[in-house]
Structure formats: structure tokens, C-alpha cells
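See structure below.
The values are calculated or read from the model by the stated rules, or taken from the named source; none is laboratory data. This is a predicted model, so every value here is computed, not measured. We place every Cβ from the backbone using ideal geometry, glycine too, and count neighbours over all the protein chains shown.
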Amino acid sequence: MNARLSTFLITSVCFVIAFLYVPIFMLIAYSFNYSKLVPVWGGFSVRWYEKLFFDSPEIWEAVVLSLKIATVNACFATILGTLAGLALVRFGHFRGRTLFTGMISAPLVMPEVITGLSLLLLFIWLQNSVGWPNERGFTTITIAHITFSMAYVAVIIQSRLAGMAQDLEEAAQDLGAKPLRVLIDITLPLLAPGMLAGWLLSFTLSLDDLVIASFVTGPGATTLPILIYSRVRLGLRPDINALATIIILVVAIGVLLAAWIMFRQQKQRELELNMSEET
């Protein structure tokens, strides 16, 4: 029975891994295809990488715009989400808490189509009422991304605060430290891992968003997901495969670097623990 169960589990895991990663490997392989027809193999070539780097300025403009939006969004979403998480966990039951909690949680469950449409109507109303924003682009996309990214950061900070003891904060207050000094010197350093996780998640969500950005953008402001989607609708193109391969490579390097840093930190902690036990 155990042997059959083990065989079933191994087969299931292999099937899931193949289902997830075989298409990625196929995409990487066909990025080196000489033929313009993606499904037809015409021999090994790097012509599409050359076209991507030297003959596709619109792609790099979209990449730069997406990175700018993602960076600004991640910074503001982390700040606002951290403040929201602190308010929900450390301020107890205050007036309007239920409404505030609902407003923070709404972007997590609201369909992206509804969020994008509501924000579009908001920007149109503001433009007709006060003349701002005068055009839809970087600013409107960034604001839209912040509205849903900060909700994810707030959830992460709430979880971090819920499992974090308040002994150090209470001790600092007993010694005469003011609340702002306690927040800066103790609470925020303890929240740093959660804030970093929220920043990275916000950056990824912004860089990956298509639906909301397509509602609140305008002419001349094309993010990378919108550009890729518009090109794929007209047919698969090998230069898009090359771009996707570069993105996969960058993500893989980032994951390996993070794993190496975590491994080094774990080894350092084990070494310090062994030294403390020996002494």
C-alpha cells in the first residue's frame, strides 16, 4: 500500500512539475528559433535577441515605464500598507474600525475589472471637476496600483504584528521612550522582513498587472503587459519569446541570489549557536 502511494505521489509531482515547467522550457527553446513562424523550427539563431535589443525601442520604453511604475507603487504601497496594518493591530477597537477593515480588504476580493472601471470613472470625474489628471498615464496607473497593492502589504504586516511580542516596545516605553521613538527604533526594524516582503509583492503585482492598467492608461503610456498582450493578439512573435526568456533569466537569478543569501544567513546563525553552546 505504501509503495503504491509513493508511486502515485511521485507520478503526480512529476506531472505537475512537467505541466508547469515544460511550456517555459519550450518558450526558451523557441526564442532561439530562426523561423518567423513560432511553431516551425527553422534552426538555431539569436536573430530575435538582436532584433529585441537593437530594433525594438517600443519594448524597452514599455519596460522602463513598467519598472518606474512598479518601483513608485511598491514604495508608497509599503508605507501606506504598513500604517494600515499598525492601525488595525495596535490601535485596538476604534470608531470606524469595521469600515476601515472593509475598505482595506475590498481590493483583495474585488474583481480587477470592477476596480479598473471604478478608478477610470473616478479619474474622468476628477478631470471634469478639477482638471486633474490632465491625461491618463504614469500617474493614474501608479495610483491605481497603489490602491490594491497596499491591501496586500497590510495583510502581511498584520500577520507579522500578530506573531510579534510587544515586550521590547513595552520595556522601551517603561524606560521613558516616546511612542514615535519606539516605532522608529524597535517596531519598524522588527517589521523590516514583512515590509520587504510587502515591497517585493507590490513590485511584482504592479509589474504583472494588465487588467487595471488597461482601464486607467491612455495614449503613449503602454506598460509591458499591455504591449505583450496587444502583440500576442495579432499572433505569436519570436521577439516576445526572447523578451520572456530574458525576464525568466532575471527572475531565476533573483531567486538563486535570495536562496544563497538565506543559506548564508542560516549557516551564520548555526555557527553562532554552536559557538554559544561551546562557551
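Overview of results
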| read-out | value |
| --- | --- |
| In the range 135-160, the residues that are out of contact with any helix residue (DSSP H, G or I) (no Cβ under 7 Å at 6 or more places or on another chain) and not in a helix (DSSP H, G or I) | E135, G137 |
| Test result for S66, farther than 24 Å from V155 by Cα, in contact with a helix residue (DSSP H, G or I) (Cβ under 7 Å, 6 or more places away or on another chain), modelled with pLDDT under 90 and surrounded by 15 or more Cβ atoms within 10 Å (Cβ to Cβ) | no |
| Selection status of L224, more than 30 Å from D55 (Cβ to Cβ) and under 15 Å from the mean Cα position of the chain (by Cα) | no |
| Residues of the range 71-113 satisfying the condition of being in contact with a helix residue (DSSP H, G or I) (Cβ under 6 Å, 6 or more places away or on another chain) and of a type in the set (G, A, S) | A74, A77, G81, A84, G85 |
| Tally, over the range 199-224, of residues that are of a type outside the set (S, T, Y) and either surrounded by 18 or more Cβ atoms within 10 Å (Cβ to Cβ) or at positive phi (or both) | 13 |
| Test result for T98, under 24 Å from L207 (Cβ atoms) and either surrounded by 15 or more Cβ atoms within 10 Å (Cβ to Cβ) or more than 25 Å from the chain's Cα centre (by Cα) (or both) | no |
